[in-house]
1. Exactly one condition in (1) over 20 Å from Lys17 (Cα atoms); (2) touching a helix residue (DSSP H, G or I) at 6+ places or on another chain (Cβ under 9 Å); (3) hydrophobic (A, V, I, L, M, F, W, C); (4) assigned to a helix (DSSP H, G or I) is not met by Ile74; state its number.
2. I'm trying to understand the selection: among the residues of region 15-49, which are touching a helix residue (DSSP H, G or I) at 6+ places or on another chain (Cβ under 8 Å), assigned to a helix (DSSP H, G or I) and open to solvent by 20 Å² or more (accessible area, probe 1.4 Å)?
3. Pairs please, first residue from region 47-62 and in contact (Cβ under 8 Å) with a residue 24 or more places away in the chain, second anywhere and assigned to a helix (DSSP H, G or I) and open to solvent by 40 Å² or more (accessible area, probe 1.4 Å), Cβ atoms under 7 Å, 6+ apart in sequence or on different chains.
4. Filter region 161-192 for residues that are in a loop (DSSP other than H, G, I, E, B) and either open to solvent by 50 Å² or more (accessible area, probe 1.4 Å) or touching a strand residue (DSSP E or B) at 6+ places or on another chain (Cβ under 9 Å) (or both) and give the result.
5. State whether the residues of region 139-146 include one that is at pLDDT 95 or above, surrounded by fewer than 17 Cβ atoms within 10 Å (Cβ to Cβ) and polar (S, T, N, Q).
6. Taking the options Ile124, Ile83, name whichever one is free of Cβ contacts under 8 Å to residues at least 60 places away in the same chain and under 15 Å from Cys67 (Cα atoms).
7. Give the residues of region 193-209 that are outside any strand (DSSP E or B) and in contact with a strand residue (DSSP E or B) (Cβ under 7 Å, 6 or more places away or on another chain), sorted by residue number.
8. Condition test on Asn77, is it out of contact with any Pro (no Cβ under 6 Å at 6 or more places or on another chain) and surrounded by 13 or more Cβ atoms within 10 Å (Cβ to Cβ)?
Amino acid sequence: MELETVRLIATDAESNKLITQLHEDNIFCRGNRLMMNVILVSSHEGSELIDEFLLLNGQPTINIVICLNRELEIKNNKHYQSILYLSEEKDSFQTIKDFLSVIRYNIEIHGLVGFDFRDFKQIISGKNLLSIQIVEFSNNLSEGFCLLKTASHIPYKRFLISLYFKDINDFTKNQADQLNDFMKSSQTSDDTFICWNLHEDKKQRIILMGTTPI
């Protein structure tokens, strides 16, 4: 997988190691059509270098800081619009990999619904706990939604639901009703922000990327 809109920046040894793992897994961020810097940080020393790295790497549309250490405090800063802490449901490598995949297949390659970069920015803006869940289903979306509810107990405030069908024509009115039911049940408050997208792929699955302000 190659991303054109993302530049990955490592601020310390641990984050550099993670980028090396991504390269070994054939995931590269070329930044040919740069829209976002994704800055990885895992140490206090690395956090103090964030501004310096941003000065060296120019100013894209948005700077996203991903903290790999839940104990590390990253202060809000006008130079980065998003600070994401990773949930403990997966290891850091898998969550970063899934996050880049969400960008690739929802921002760089548009789905069949009007989800766009502005929606993405709204989901990740501010300081948040980031969680990404992936479940497969065979026939009905309700199977996948039941698995999602079982897999995570994080009360998301903003999230994207990406649906993947082998044949886009399988997304029937019945499936749409199941999606609407899940979205309604997830609307925990008036400020809950929910987006969805639709894709065609050989593996049927639901990918939920959720954020919760912290």
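1. Tallying (1) over 20 Å from Lys17 (Cα atoms); (2) touching a helix residue (DSSP H, G or I) at 6+ places or on another chain (Cβ under 9 Å); (3) hydrophobic (A, V, I, L, M, F, W, C); (4) assigned to a helix (DSSP H, G or I), Ile74 fails exactly one: (4).
2. Once the filter is applied, which keeps residues that are touching a helix residue (DSSP H, G or I) at 6+ places or on another chain (Cβ under 8 Å), assigned to a helix (DSSP H, G or I) and open to solvent by 20 Å² or more (accessible area, probe 1.4 Å), region 15-49 yields only Gln21.
3. Every condition considered, the pairs that remain are Ile62/Lys121.
4. Residues satisfying the conditions are Lys166, Asp167, Phe171, Thr172, Gln187, Thr188, Asp190, Asp191, Thr192.
5. No, there is no match, as no residue in region 139-146 is at pLDDT 95 or above, surrounded by fewer than 17 Cβ atoms within 10 Å (Cβ to Cβ) and polar (S, T, N, Q).
6. So the residue among Ile124, Ile83 that is free of Cβ contacts under 8 Å to residues at least 60 places away in the same chain and under 15 Å from Cys67 (Cα atoms) is Ile83.
7. Asp201, Lys203, Gln204
8. yes
The values are calculated or read from the model by the stated rules, or taken from the named source; none is laboratory data. Treat the numbers as computed from the prediction; the structure is a model and nothing was measured. Quick reminder, even Gly has a Cβ in these numbers, built from the backbone with ideal geometry, and neighbours come from all protein chains shown. With ligands, DNA and RNA removed, areas are computed over all heavy atoms of the protein, side chains included. Shrake-Rupley method; radii C 1.70, N 1.55, O 1.52, S 1.80 Å.
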